């Protein structure tokens, strides 16, 4: 025990920019109405891949740096000083996805009202707008009835078994819908996950609006989808994050980072 406590004392603290980005992710998606009072965002701990960082149970728009906790992949607190703090009941979504997907560095669970209707029918979420080209041709939907045991109740992912089942539905995709519940979005960084979550919401709205006009809609085909390397997430990330910044913070933004090099070459 003494050795463990000494190790914890020696461990470097989380970088302030890392914490600020996690706070901004929560607040930005809340202001976009992608997250409601019950959504949450996590990031894999850069110091230890077998842990992740997430807020205590609090409304996303209220998250501050002081609310940030470190959990292990079984979704339990690591630091004894955090014992007893109220945790998100559905934190197992995050831990089980990190276990199943070593490539994932950030997980977002939201109850986007634009997405939920597409989880209720046989019509799958498809990429229909150019910025949603990261989506697969059809996004899978998690059905909790397939994992809920006889006598169990509810639709929330409140234990390891349910979280692992959701991770299996997510598979290698960046998004999985949750029937009547919302969705989970993952990324290789918190920036990517936030940008993806924002465009999933937009794509779902556009698809639903198009379906109101006609059932015969044109989704993106394979040649119109893109790889992560073909999409500059810095530009939409900064656009979204600035919704949470004051004028002083906006003035400090490094605008030199925007734009992929290959998109700047004159042809």
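The values are calculated or read from the model by the stated rules, or taken from the named source; none is laboratory data. Just so it is clear, the structure is predicted and the values come from calculations on it, not from any experiment. Neighbour counts are summed over all protein chains in view; Cβ atoms, including those assigned to glycine, are modelled from backbone coordinates with ideal geometry.
Restricting 195, 157 to residues that are in contact with a helix residue (DSSP H, G or I) (Cβ under 8 Å, 6 or more places away or on another chain) and either under 26 Å from residue 239 (Cα atoms) or surrounded by fewer than 17 Cβ atoms within 10 Å (Cβ to Cβ) (or both) narrows the list to 195.
Set side by side, the residues 71, 35, 87 differ, and just one is within 15 Å of the chain's Cα centre (by Cα) and within 25 Å of residue 181 (Cα to Cα), which is 35. Of everything listed in (1) modelled with pLDDT of 95 or more; (2) in contact with a helix residue (DSSP H, G or I) (Cβ under 9 Å, 6 or more places away or on another chain), the single unmet condition for residue 87 is (2). Select from the stretch 133-164 the residues that are in contact with a strand residue (DSSP E or B) (Cβ under 8 Å, 6 or more places away or on another chain) and not in a loop (DSSP other than H, G, I, E, B) and list them in ascending order. Once the filter is applied, which keeps residues that are in contact with a strand residue (DSSP E or B) (Cβ under 8 Å, 6 or more places away or on another chain) and not in a loop (DSSP other than H, G, I, E, B), the stretch 133-164 yields 141, 142, 144. Which count do you get for residues in the stretch 120-154 that are touching a residue at least 60 places away in the same chain (Cβ under 8 Å), surrounded by 15 or more Cβ atoms within 10 Å (Cβ to Cβ) and more than 24 Å from residue 236 (Cα to Cα)? Summing the residues that are touching a residue at least 60 places away in the same chain (Cβ under 8 Å), surrounded by 15 or more Cβ atoms within 10 Å (Cβ to Cβ) and more than 24 Å from residue 236 (Cα to Cα) in the stretch 120-154 gives 1.
What's the total number of residues in the stretch 155-193 that are over 16 Å from the mean Cα position of the chain (by Cα) and without any contact (Cβ under 8 Å) to a residue 40 or more places away in the chain? Residues flagged as over 16 Å from the mean Cα position of the chain (by Cα) and without any contact (Cβ under 8 Å) to a residue 40 or more places away in the chain within the stretch 155-193 amount to 3. Exactly one residue among 51, 47 is within 19 Å of residue 95 (Cβ to Cβ), loosely packed, with under 15 Cβ neighbours inside 10 Å and modelled with pLDDT of 95 or more, and that residue is 47.
So, residue 13, is that one free of Cβ contacts under 8 Å to residues at least 60 places away in the same chain and under 15 Å from residue 71 (Cβ atoms) or not? Answer is no for this residue. For the stretch 235-261, which positions are at pLDDT below 90, touching a helix residue (DSSP H, G or I) at 6+ places or on another chain (Cβ under 7 Å) and not in a loop (DSSP other than H, G, I, E, B)? Residues satisfying the conditions are 240, 241, 242, 243, 244, 250, 257. Residues in the stretch 66-99 that are touching a residue at least 24 places away in the same chain (Cβ under 8 Å) and more than 17 Å from residue 43 (Cβ to Cβ): 74, 85, 86, 89.
Scanning the stretch 161-179 for residues that are surrounded by fewer than 21 Cβ atoms within 10 Å (Cβ to Cβ) and touching a helix residue (DSSP H, G or I) at 6+ places or on another chain (Cβ under 6 Å) turns up 164, 179. Scanning the stretch 209-225 for residues that are closer than 24 Å to residue 187 by Cβ and either modelled with pLDDT under 95 or not in a loop (DSSP other than H, G, I, E, B) (or both) returns 222, 223, 224.
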